[in-house]
Every structure is written in structure tokens, then in C-alpha cells.
1. So which of Gly35, Gly43 ends up being within 14 Å of Gln16 (Cα to Cα), touching a strand residue (DSSP E or B) at 6+ places or on another chain (Cβ under 9 Å) and of a type in the set (Gly, Ala, Ser)?
2. Among the residues of the range 38-59, count how many are surrounded by 15 or more Cβ atoms within 10 Å (Cβ to Cβ) and among the acidic types (Asp, Glu).
3. Could you identify the single residue in Phe69, Phe20, Phe59 that is farther than 27 Å from Glu3 by Cα and at pLDDT 95 or above?
4. Would you point out the residue of the range 60-85, among those that are under 19 Å from Gln16 (Cα atoms) and out of contact with any strand residue (DSSP E or B) (no Cβ under 6 Å at 6 or more places or on another chain), that is surrounded by the fewest Cβ atoms within 10 Å (Cβ to Cβ)?
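The values are calculated or read from the model by the stated rules, or taken from the named source; none is laboratory data. For clarity, every value in this text was computed on a predicted model and none was experimentally measured. Here Cβ is always computed from backbone atoms with ideal geometry, including for glycine, and neighbour counts include all displayed protein chains.
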Amino acid sequence: MDEKLLYKIHIMGRVQGVGFRWSAANEARNRNIKGYVKNLSDGSVYLEAEGSLIQLNIFVDWCKKGPAFGSVESVTIDTSPPVNYLDFRIIS
């Protein structure tokens, strides 16, 4: 079994009000990634995504593009020990 990793992902750009959280949650669930996504007060989006290295790298590639109406300027990733999320949630 692949080792589980946790990526803490910070996404800057036009990523609020464009369905980014919903699209990211859908993408994560389709890839069996656990964690959460939330909007930050500075207009960016923050995600914690837990899965295998392959799953997470494919998910990060999606995050760099985002949904059709968004515009991603930068993606920053920090790796942390997994916390064993049970599902993927959208946090208000």
C-alpha cells in the first residue's frame, strides 16, 4: 500500500466566487483524497489534502489550473504528517 501524505496547499489568484471549493472537493473525492478546502479572508483558498504521492500530485496539477471561471496565480505546498481525515469537506 502507498504511504499516505498530507499536503497543505495555498492557492492565490481569482479563486473565490468561481466555484473553486466545490470543484476542488469534487476532484478530491473522485481521486479518493481526504481533507478539506476553505476560503481565506485574503481572497485565497487553503486546502489540506491527504492521499498517496501519485494521488496528491495529480490533484496539485488540477489545483494549478482550477475551475474554468477561476484564474490561479500561484500554488504553494507544504508537506506534513497525515492526520487521517475520513472524508473531504468544504469549510465555510
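1. Gly43
2. 2
3. Just a single option satisfies the conditions, and that option is Phe20.
4. That would be Ala68.
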